[in-house]
Amino acid sequence: MSQVDQISAKQPAGSAGELPRVLIVDDDPVLRTTVTRYLSEQGYNCLEAEDGTQAIDALEAHHPEVVLLDIKMPDISGIDVAGIVADLEPQPKIILMSGYLDAVNEAKRANLTVFAVIEKPVPLRTIAQFLHRATLAPAPTAS
């Protein structure tokens, strides 16, 4: 069973009163696990992916409503994943994040349809606030 399947098996999608499904993508396992644990405790249905390839697989298999996506990853960058997401239906909200200021600036210039671009480190509570706002915002429209 893959990491994505293990996490998604904790809470089936569509449960009454369930908060949206969130895909957390980061190549830092400590950060990814910490964010997943915190958001799960807040009631979010969390999926994890450790790189861009796993993220694309999880997006196609599980259709999360929001994706928390690291920009700098070893295989496929978060910016490239966000570009692929633009072609998906339904289209999830994307929150890009990075600890590298140049990557944050690059993401802002990339002309992507993303909900937010945030600089790490970011407090867990702030991530939860971004997720809450993203779930209240209207869905992105195809360009």
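One table, with the values for the structure above:
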{"item": "Among residues of region 100-126, those that are assigned to a loop (DSSP other than H, G, I, E, B), among the polar types (S, T, N, Q) and either modelled with pLDDT of 90 or more or surrounded by 12 or more Cβ atoms within 10 Å (Cβ to Cβ) (or both), counted", "result": "1"}
{"item": "Given (1) outside any strand (DSSP E or B); (2) in contact with a helix residue (DSSP H, G or I) (Cβ under 7 Å, 6 or more places away or on another chain), index of the condition Leu96 fails", "result": "(1)"}
{"item": "Matching residues in region 32-61 - criterion: being farther than 14 Å from Leu131 by Cβ, in a helix (DSSP H, G or I), of a type outside the set (D, E, K, R) and in contact (Cβ under 8 Å) with a residue 40 or more places away in the chain", "result": "Thr34, Gln54, Ala58, Ala61"}
{"item": "Pick from region 21-31, criterion among the β-branched types (Val, Ile, Thr) and outside any helix (DSSP H, G or I), ranking: nearest to Pro123 (Cα to Cα)", "result": "Ile24"}
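The values are calculated or read from the model by the stated rules, or taken from the named source; none is laboratory data. These figures come from a predicted structure and were not determined experimentally. Note that each Cβ is placed from the backbone with ideal geometry, even for glycine, and that neighbours are counted across all protein chains shown.
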